[in-house]
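The values are calculated or read from the model by the stated rules, or taken from the named source; none is laboratory data. These figures come from a predicted structure and were not determined experimentally. Virtual Cβ from ideal backbone geometry, glycine too; neighbours counted across all protein chains shown.
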Amino acid sequence: MSEEVKTNIEQNELNKKDITILAIESSCDETACAIVRNGREVISNVINTQIAIHTQYGGVVPEIASRKHIENINPVIKKALTDANMTWDDIDAIAVTYGPGLVGALLVGVAEAKALAWALKKPLVGVHHIEGHISANFIQHKELEPPFAGLVVSGGHTHLIKVLDYGEYEIVGRTRDDAAGEAFDKVARAVGLGYPGGPKIDKLSKEGNPDAVQFPRAHVDDAPYDFSFSGIKSAVLNYINQAEMKGETINKADLVASFQKAVVDALVSRAVKLAKESGYNNLAIAGGVAANSCLKETLEKECEANGIKFYSPTPALCTDNAAMIGAAAYYEYIKGTRHGLDLNAVPNLKLGERI
């Protein structure tokens, strides 16, 4: 049978049936599996978190994360099938995050997905982790379709993008140094809040005055959409050091509220600027930091003031999960994307890059 005939048969199948994808996510410290139908309907979504384990170390320890993924991945997949009341016969394809992320953690998920695809004779679809975060909005907001402006904010990434189509992106701005989530974690550690820093700063900030300390909002010459958060982080550390040398008591709530406002101002101003200057009426946020309540509230307010429709996933879909991977995989699948058993983990995979 020719490849053209095979492609036509597959396309005919796509036209007459729902597509149910089992997706695996293991890029960092969450072992997750979800079953997603047609990219927008989540049938089951199981997450095994390692936060309690890594908290005692002040951050994710890659070797420990990898070992826990090996322990957890089969039970998580089994529970996803059980929760969905499905068998392998109900699954049309296997999807998996293959980058970016921690290489050891990624390899666990990729190896599992390849083994399942081979044993079950199911198609294999590799998914970019950040593309998954963006696609979480398709689950939450079933009416949302490209094109739209996007802001991706996580522990490792801060990107301003144009979502041109499903799986097609133009990166307009990015951080020149620390990602926003990385800055949150470092400041939380310096203040003594511990790990994970983002949620703890978000919570404590509600008790503080965001105008108590004026921290810098960095601008990058000749790159109005780019970010820089190392200056804000350094300013916080200097503030703490100076207070300690003077024997002054630091109001932690005021400090983190002021820091958070500086970061949020930088993110919101550029995101709204992109939407307005690009002529987009829709702006979507994605990534772990998208769960930050101050960021969401400020973006929603600014979007409303500028006639822009604002979209964001629920907090459960902002952090790492496999449902978002299943959503992204669906649009790759219907475009014909298939990966072979030579699929490998790519820890530094760039958004829009295809392997």
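One line per residue, one yes/no per condition, for (1) crowded, with 18+ Cβ neighbours inside 10 Å; (2) of a type in the set (Lys, Arg):
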residue	(1), (2)
Leu151	yes, no
Glu170	no, no
Arg176	no, yes
Val187	yes, no
Ile201	yes, no
Asn241	no, no
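Of all residues in region 42-56, how many are surrounded by fewer than 17 Cβ atoms within 10 Å (Cβ to Cβ) and without any contact (Cβ under 8 Å) to a residue 60 or more places away in the chain? Talk me through it step by step, then tell me what you get.
Residues of region 42-56 that are surrounded by fewer than 17 Cβ atoms within 10 Å (Cβ to Cβ), as a first pass: 49, 51-53, 55-56.
Keeping just the survivors that are without any contact (Cβ under 8 Å) to a residue 60 or more places away in the chain gives 49, 52-53, 56.
Within region 42-56, residues that are surrounded by fewer than 17 Cβ atoms within 10 Å (Cβ to Cβ) and without any contact (Cβ under 8 Å) to a residue 60 or more places away in the chain number 4.
Which of the residues belonging to region 210-225 are surrounded by 13 or more Cβ atoms within 10 Å (Cβ to Cβ), closer than 14 Å to Ala262 by Cα and within 29 Å of the chain's Cα centre (by Cα)?
Initially, region 210-225 is screened for residues surrounded by 13 or more Cβ atoms within 10 Å (Cβ to Cβ), giving 210, 212-213, 215, 217-220, 223-225.
After this cut, where a residue has to be closer than 14 Å to Ala262 by Cα as well, the list is 210, 212-213, 215, 217-219.
The answer is Pro210, Phe215, Arg217, Ala218, His219.
Give region 57-114 a look and list any residue that's aromatic (Phe, Trp, Tyr) and either under 16 Å from Val127 (Cβ atoms) or assigned to a helix (DSSP H, G or I) (or both), or say none. Can you show your working first?
If we filter region 57-114 for residues that are aromatic (Phe, Trp, Tyr), which is where we start, we get 57, 88, 98.
Passing the criteria: Trp88, Tyr98.
In region 232-252, what residues are aliphatic (A, V, I, L, M) and closer than 18 Å to Lys186 by Cβ?
Here is the first cut: in region 232-252, the residues aliphatic (A, V, I, L, M) are 232, 235-237, 240, 243, 245, 250.
Hits for region 232-252 are Ile232, Ala235, Val236, Leu237, Ile240, Ala243, Ile250.
Name the pairs whose Cβ atoms lie under 6 Å apart, with the first residue in region 61-87 and within 18 Å of Ala105 (Cβ to Cβ) and in the same structural domain as Gly104 (by TED's automatic domain parsing), the second acidic (Asp, Glu) and surrounded by 15 or more Cβ atoms within 10 Å (Cβ to Cβ), and 6 or more positions between them or separate chains?
Taking only residues 6 or more apart or on different chains, the pairs are Ala65/Asp29; Ile73/Glu112.
Taking region 288-307 as the search range and keeping residues that are among the small types (Gly, Ala, Ser) and under 19 Å from the mean Cα position of the chain (by Cα), which one is modelled with the highest pLDDT?
Here is the first cut: in region 288-307, the ones among the small types (Gly, Ala, Ser) are 288, 290-291, 293, 305, 307.
Of the ones still in play, those that are also under 19 Å from the mean Cα position of the chain (by Cα) are 288, 290-291, 293.
Numbers: Gly288: 90, Ala290: 91, Ala291: 92, Ser293: 95.
Checking each candidate, the answer is Ser293.
Out of Asp211, Asp185, Asp202, I need the residue that is free of Cβ contacts under 8 Å to residues at least 60 places away in the same chain, in the same structural domain as Lys252 (by TED's automatic domain parsing) and of a type in the set (Asp, Glu). Which one?
On the way: Asp185 fails: free of Cβ contacts under 8 Å to residues at least 60 places away in the same chain; Asp202 fails: free of Cβ contacts under 8 Å to residues at least 60 places away in the same chain.
Result of the check over Asp211, Asp185, Asp202: Asp211.
Quickly run through region 265-305 and pick out the residues that are under 21 Å from Ala190 (Cβ atoms) and surrounded by fewer than 22 Cβ atoms within 10 Å (Cβ to Cβ). First the steps, then the outcome.
Filtering region 265-305 down to residues under 21 Å from Ala190 (Cβ atoms) leaves 265-267, 288-289, 292, 294-295.
Scanning region 265-305 gives Asp265, Ala266, Cys294.
Evaluate region 79-99: report whether one residue or more is within 23 Å of Asn348 (Cα to Cα), touching a strand residue (DSSP E or B) at 6+ places or on another chain (Cβ under 8 Å) and surrounded by fewer than 24 Cβ atoms within 10 Å (Cβ to Cβ).
Restricting attention to region 79-99, the residues satisfying the condition of being within 23 Å of Asn348 (Cα to Cα) are 94-99.
Right, trim to touching a strand residue (DSSP E or B) at 6+ places or on another chain (Cβ under 8 Å) and you get 94-99.
Filter once more, so that each one left must be surrounded by fewer than 24 Cβ atoms within 10 Å (Cβ to Cβ): 99.
So far as region 79-99 goes, yes, one or more of its residues are within 23 Å of Asn348 (Cα to Cα), touching a strand residue (DSSP E or B) at 6+ places or on another chain (Cβ under 8 Å) and surrounded by fewer than 24 Cβ atoms within 10 Å (Cβ to Cβ).
Evaluate region 126-142: report whether one residue or more is touching a residue at least 40 places away in the same chain (Cβ under 8 Å), surrounded by fewer than 18 Cβ atoms within 10 Å (Cβ to Cβ) and under 16 Å from Leu267 (Cα atoms). Give the derivation first.
Initial filter on region 126-142 (touching a residue at least 40 places away in the same chain (Cβ under 8 Å)): 126-142.
When the remaining residues are screened for being surrounded by fewer than 18 Cβ atoms within 10 Å (Cβ to Cβ), the result is 141-142.
Checking which are under 16 Å from Leu267 (Cα atoms) leaves us with none.
No, every residue in region 126-142 fails to be touching a residue at least 40 places away in the same chain (Cβ under 8 Å), surrounded by fewer than 18 Cβ atoms within 10 Å (Cβ to Cβ) and under 16 Å from Leu267 (Cα atoms).
So is Tyr195 crowded, with 19+ Cβ neighbours inside 10 Å and touching a residue at least 40 places away in the same chain (Cβ under 8 Å) or not? Lay out the reasoning, then the answer.
Values: crowded, with 19+ Cβ neighbours inside 10 Å: no; touching a residue at least 40 places away in the same chain (Cβ under 8 Å): yes.
Against the criterion (crowded, with 19+ Cβ neighbours inside 10 Å and touching a residue at least 40 places away in the same chain (Cβ under 8 Å)), Tyr195 does not qualify.
What are the residues in region 305-355 that are touching a helix residue (DSSP H, G or I) at 6+ places or on another chain (Cβ under 7 Å), among the hydroxyl-bearing types (Ser, Thr, Tyr) and either assigned by TED's automatic domain parsing to the domain that holds Ser44 or part of a loop (DSSP other than H, G, I, E, B) (or both), if any?
Hits for region 305-355 are Ser312, Thr314, Thr319.
With respect to Pro146, is the statement that it is touching a residue at least 12 places away in the same chain (Cβ under 8 Å), in contact with a Phe, Trp or Tyr (Cβ under 9 Å, 6 or more places away or on another chain) and surrounded by fewer than 21 Cβ atoms within 10 Å (Cβ to Cβ) true?
On the way: touching a residue at least 12 places away in the same chain (Cβ under 8 Å): yes; in contact with a Phe, Trp or Tyr (Cβ under 9 Å, 6 or more places away or on another chain): yes; surrounded by fewer than 21 Cβ atoms within 10 Å (Cβ to Cβ): yes.
Yes; evaluated as a whole, the condition is true for this residue.
Does Gly352 qualify as being without any contact (Cβ under 8 Å) to a residue 12 or more places away in the chain and on the phi > 0 side of the Ramachandran plot? Before the answer, list the steps.
Working: without any contact (Cβ under 8 Å) to a residue 12 or more places away in the chain: no; on the phi > 0 side of the Ramachandran plot: yes.
So Gly352 fails the test.
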